[in-house]
1. Pop out the Kirkwood hydrodynamic radius of segment 1-151 from its pairwise C-alpha distances, inverse of mean 1/r, in Å to one decimal.
2. In segment 1-107, which trypsin sites (Lys or Arg not before Pro) fall in coil by DSSP and have 16 or fewer other Cβ atoms within 10 Å?
3. Starting from the Cα of GLU50, step 7 Å along the direction of its Cβ; do the same at ASP168; then give the gap between the two resulting points in nm.
4. Between the alpha-carbon centers of segment 50-70 and segment 121-158, tell me the distance in whole angstrom.
Amino acid sequence: MQLVVARIGRAHGIKGEVTVEVRTDEPELRLGPGAVLATEPAATGPLTVEAGRVHSGRLLLRFEGVRDRTAAEALRNTLLIAEVDPDELPEEEDEFYDHQLIDLDVVLADGTGIGRITEISHLPSQDLFIVERPDGSEVMIPFVEEIVTEIDLEEQRAVITPPPGLIDESEAVIASSRDEESGEPSGDATSDEASSGDTDETPKGDA
């Protein structure tokens with residue numbers, strides 16, 4: 001099975017290094033020295049990783065035969081594709097490969113269907129499920145334990161307990177209205193009071 005593990009970005013320096021947008025949870029394994037990767041477009045590859053390092057929070061790679069900035073810049077936007085055994089599992093019990101999660105049904109704890117996972121977005125802070133709703137719209141669900149409570153590969157589903165507003169924006173509005181009815185000031189009300197001068201408390205920053 002072929003999986004996209006990275007996308008090449010800009011050239012870095014003059015010795016053939018490139019920045020890469022990592023799309024795998026195991027860059028040490030998929031993008032380590034010696035890794036041979038297919039490419040899209042196919043004519044650009046295959047590419048063999050010669051060396052890699054992290055610079056300012058970004059992964060830099062150098063490929064065999066790519067020795068200068070011009071050659072590195074020619075690789076920009078190329079997708080790097082690794083051959084992965086579909087039966088291979090991550091070392092950690094609570095980790096999953098993207099191909100295991102794609103097409104899982106997303107449901108609430110009571111079984112209510114939300115949609116289907118069509119893509120995994122790997123951000124620096126967290127991973128996101130891109131979920132396609134039955135009406136064709138998309139919703140992004142953070143892949144964190146507090147929200148995604150269960151991954152059941154046998155049943156091919158992901159169970160979630162979303163906070164108000166994550167799936168249905170109207171839920172956030174309702175929750176806000178309830179706070180106002182109960183007399184509890186919302187965050188915006190506190191800010192308004194502080195700016196109007198009706199309170200003796202010193203306004204604080206983002207904290």
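A short reminder: the numbers here are calculations on the coordinates, not readings from a lab. Everything numeric in this text was worked out from a predicted model, so none of it was measured. Positions of Cβ are backbone-derived with ideal geometry, glycine not excepted, and every protein chain shown enters the neighbour counts.
1. Mean inverse Cα-Cα distance, inverted, gives 16.9 Å.
2. The qualifying sites are LYS15, ARG67, ARG76.
3. If labels sit at GLU50 and ASP168, their model points lie 5.7 nm apart.
4. Here the two parts' Cα centres lie 32 Å apart.
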